[in-house]
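*Asks:* One structure follows; several queries about it will come next.
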Amino acid sequence: MLDALRSPQSVLVLGASSDIAQATVAALARRGRLDRVVLAGRPGPRRDAAVQKATSEVGRRGVVRALDFDATRPDEHEAVVAEAFADGDVDVVLLAFGVLPDAATAAAPDAAAAVVTTNFTGAVSALTASAARLRAQGHGTMVVLSSVAGERPRRSNYLYGATKAGLDAFATGLGDDLAGTGVEVVVVRPGFVRTSMTAGLGPAPLSVDASDVAEAVVAAVGGGTRTVWVPGALRLVMSVLRHLPRAVFRRLPI
């Protein structure tokens with residue numbers, strides 16, 4: 001449960017190798033009494049590095065545990081989440097996994113479907129399993145990393161934008177369904193974030209670092225905010241872009 005300063009003491013990360021997730025764990029550890037971290041993700045060097053990093057951040061007082069988790073295996077998600085909660089209540093569940101497809105992937109039926117399975121189907125499954133556990137314990141916050149790309153999918157990344165639009169809508173609706181249960185859902189809509197996933201892509205206006213998103217997440221947890229834009233100026237930008245005529249929007253160099 002959140003402590004007297006509204007700081008979480010335990011967190012489950014779904015998508016352990018995410019740069020934003022790792023930055024968020026570090027920010028939560030700096031803020032308060034984070035002493036239990038469960039990192040769920042595919043086994044491998046990147047998850048191992050995340051575990052090592054989290055261990056150094058929570059220090060001797062904390063426990064860091066790794067769980068095998070595959071976004072493309074929804075049939076396993078309920079069991080993975082149950083195992084994460086086996087050691088006690090979880091204050092924050094951070095959903096941070098996803099893939100960023102290129103144009104070739106979007107044009108290939110099987111590959112495009114695989115992106116949807118990871119970014120949307122897997123997320124719905126994992127969030128549903130987490131929501132049931134949080135509802136049962138009567139408190140907690142689910143933080144869902146969405147994207148401004150879901151506000152209005154662009155021709156340059158419409159497949160990614162479509163999956164984020166679906167995730168955003170699901171998470172928002174789930175939050176409304178959980179109202180009054182003690183469980184909150186925070187939807188985070190970053191713009192272009194400089195991470196390993198976006199490495200090699202050209203710079204974009206209003207770009208931010210993973211640490212910027214992490215600080216916004218930490219500020220939102222326990223703070224009553226349900227939708228977070230990073231940076232905040234994107235809220236105004238997207239309110240304009242969302243209402244542009246389609247013929248104009250598709251010609252924009254974005």
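Nothing in this text is a laboratory measurement; each read-out follows from the coordinates by a stated rule. Predicted, not measured: the structure shown is a model, and the values here were computed from it. Positions of Cβ are generated from backbone atoms using ideal geometry, with glycine treated the same way; all protein chains shown enter the neighbour counts.
*Asks:* Is there a quick way to get the dipole size of the stretch 1-78? I mean about its Cα centre, with the Cβ of Lys and Arg at +1 and of Asp and Glu at -1; what is the value in debye to the nearest 20? Display every interim value, and only then the final one.
*Replies:* Numbers: 13 positive and 10 negative charges, 97 e Å.
Computed charge dipole of the stretch 1-78: roughly 460 debye.
*Asks:* How big is the equivalent ellipsoid of the chain along its three axes, where each semi-axis is √(5λ) from the Cα gyration tensor, reported in whole Å from largest to smallest? Before the final figure, lay out each step's value.
*Replies:* Numbers: eigenvalues 167, 76, 65 Å².
Semi-axes from the Cα gyration tensor: 29, 19, 18 Å.
*Asks:* Mean separation of Cα pairs under 8 Å and 6+ residues apart, divided by the residue count of the chain: what relative contact order is that in percent?
*Replies:* Across the chain, relative contact order equals 19 percent.
*Asks:* Here is a follow-up. Return the single residue from Gly140, Gly41, Gly232 with maximal mean-square fluctuation; model: Gaussian network over the chain, springs between Cα atoms under 10 Å.
*Replies:* Maximum fluctuation in the GNM of the chain, among the listed residues, is at Gly232.
*Asks:* Please label the shape of the stretch 113-254 as rounded, prolate or oblate, based on the square roots a ≥ b ≥ c of the eigenvalues of the alpha-carbon gyration tensor (a/c under 1.5 means rounded; beyond that, a/b larger than b/c means prolate, else oblate).
*Replies:* In terms of gyration-tensor shape, prolate.
*Asks:* Just to confirm the number: angle between the C-alpha axis of helix 122-137 and the first principal axis of the chain, 0 to 90 degrees, nearest 10?
*Replies:* Compared with the principal axis, the helix lies near 30 degrees.
*Asks:* Report the extension gain between Thr128 and Arg155 in nm, rounded to one decimal, defined as 0.36 nm multiplied by the number of residues separating them, less their alpha carbon distance.
*Replies:* Result for the pair: 6.7 nm of gain on full extension.
*Asks:* Once both axes come from the Cα atoms, what is the angle between helix 210-220 and the longest principal axis of the chain, in degrees from 0 to 90, rounded to 10?
*Replies:* Helix 210-220 sits roughly 60 degrees off the main axis of the chain.
*Asks:* With each run of n ≥ 4 DSSP H residues scored as -39500 (n - 2.57), what mean residue ellipticity at 222 nm is computed for the chain after dividing by its residue count and rounding to the nearest 500 deg cm²/dmol? Mind showing how you got there, number by number?
*Replies:* Working: 10 runs with 111 residues, N = 254.
So the helix-based figure for the chain works out to -13500 deg cm²/dmol.
*Asks:* Which one, Ala27, Gln9, Gly202, is farthest towards the positive end of the dipole of the chain when Lys and Arg carry +1 and Asp and Glu -1 on their Cβ?
*Replies:* Of Ala27, Gln9, Gly202, it is Gly202.
*Asks:* I would also like to ask the following. What do you get for the angle between helix 158-177 and the principal long axis of the chain? Use alpha-carbon atoms, 0 to 90 degrees, nearest ten.
*Replies:* For helix 158-177, the angle is close to 50 degrees.
*Asks:* Starting from the Cα-Cα distance between Ala82 and Arg135, subtract it from 0.36 nm times their residue separation and give me the gain in nm to one decimal.
*Replies:* Roughly 17.8 nm would be gained on extension.
*Asks:* Find out how many positive minus negative residues lie around Ala165, taking Lys and Arg as positive, Asp and Glu as negative, among other residues whose Cβ is under 14 Å from that of Ala165.
*Replies:* Surrounding charge for Ala165 is +3.
*Asks:* Quick one: if you stick a label point 7 Å off each Cα along the C-beta vector at Thr105 and Ala49, how many nm between them?
*Replies:* 1.8
*Asks:* Same structure again: If you place +1 on the Cβ of every Lys and Arg and -1 on the Cβ of every Asp and Glu, how big does the dipole about the Cα centre of the stretch 10-249 come out, in debye to the nearest 20?
*Replies:* Charge dipole, the stretch 10-249, about its Cα centre: 620 debye, nearest 20.
*Asks:* Let me ask something else about it. Determine the relative contact order of the stretch 124-212: mean sequence separation of Cα pairs under 8 Å and six or more apart, normalised by residue count, in whole percent.
*Replies:* Working: 113 pairs, mean separation 26.8, N = 89.
With pairs under 8 Å counted, the relative contact order is 30 percent.
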